[in-house]
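Here's the structure, in structure tokens; my notes come after.
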Amino acid sequence: MPKKMIKRLMPDHQTIKNNKHLQIFGTLLHNANLWHLNRRSVSKAFAVGLFFAFIPVPFQMVLAAGLAIIVHANLPLSVALVWITNPLTMPAIFYFCYLVGTWIVGVPTKQFAFEASWQWLVESISTIGPAFILGCGVLATIFSILGYLIINTLWRFSVAKEWKNRQTRRD
């Protein structure tokens, strides 16, 4: 069952409540709905986490936590799913976002070499930026909707299967 697996992987909610980076949310973190594992909260958490995973901004985890609080999604899952774009996966994912953006806009891809400098960032915003940001927005939306629907469906299937197994054991 997805609930058992997720519960095993999740950190303790007290640890998360005491995290110094999440203190900006104050007493909002004491809402019990943010810590429950049910179909709705987990599906929303996947939508929130996957959305912010594809948004190339600093403090993705704080943004995901804020939206999770607003929509009553499971907070630990929302924040954890942002790490799909980690330093190892980020170049490939964001390059794919750029390719999707160029395909949507209809412009050819441009060759570029990433540099960790402010000047490169400012220069690239005008050249590859529009396609990259559009691709990120489109993929963030698509993957958040897909994540929501897939988790919701898997959860329903798992519960139905468990009910069927119970019925079989009774007979």
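The values are calculated or read from the model by the stated rules, or taken from the named source; none is laboratory data. Remember, it's a predicted structure, so these values are computed and weren't measured experimentally. No Cβ is skipped: glycine too gets one built from the backbone with ideal geometry, and neighbour counts run over all protein chains shown. Surface areas here come from the heavy atoms of the whole protein model, side chains and all, with no ligands, DNA or RNA. Shrake-Rupley method; radii C 1.70, N 1.55, O 1.52, S 1.80 Å.
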Of all residues in region 45-70, which are open to solvent by 50 Å² or more (accessible area, probe 1.4 Å), among the aliphatic types (A, V, I, L, M) and more than 21 Å from N18 (Cα to Cα)?
-> V57
Please verify whether region 76-89 includes one or more residues that are farther than 30 Å from R156 by Cα, modelled with pLDDT of 90 or more, open to solvent by less than 60 Å² (accessible area, probe 1.4 Å) and of a type in the set (G, A, S).
-> no
Check whether at least one residue in region 102-111 is touching a Ser or Thr at 6+ places or on another chain (Cβ under 9 Å), over 21 Å from S43 (Cβ atoms), exposed (fewer than 13 other Cβ atoms within 10 Å of the Cβ) and not aliphatic (A, V, I, L, M), and report yes or no.
-> yes
Take the residues of region 138-156 that are more than 13 Å from the chain's Cα centre (by Cα) and surrounded by 14 or more Cβ atoms within 10 Å (Cβ to Cβ): which is modelled with the highest pLDDT?
-> V138
What are the pairs, 6+ residues apart or on separate chains, where a residue within region 21-40 that is open to solvent by 90 Å² or more (accessible area, probe 1.4 Å) has its Cβ under 8 Å from a residue that is assigned to a helix (DSSP H, G or I)?
-> H21/M61; H21/V62; I24/V62; L28/I69; H30/K17
Which helices (runs of 4 or more DSSP H) sit wholly inside region 88-171 and have at least 1 residues that are of a type in the set (K, R)?
-> 129-170
What do you reckon, is P76 assigned to a loop (DSSP other than H, G, I, E, B) and touching a helix residue (DSSP H, G or I) at 6+ places or on another chain (Cβ under 7 Å)?
-> no
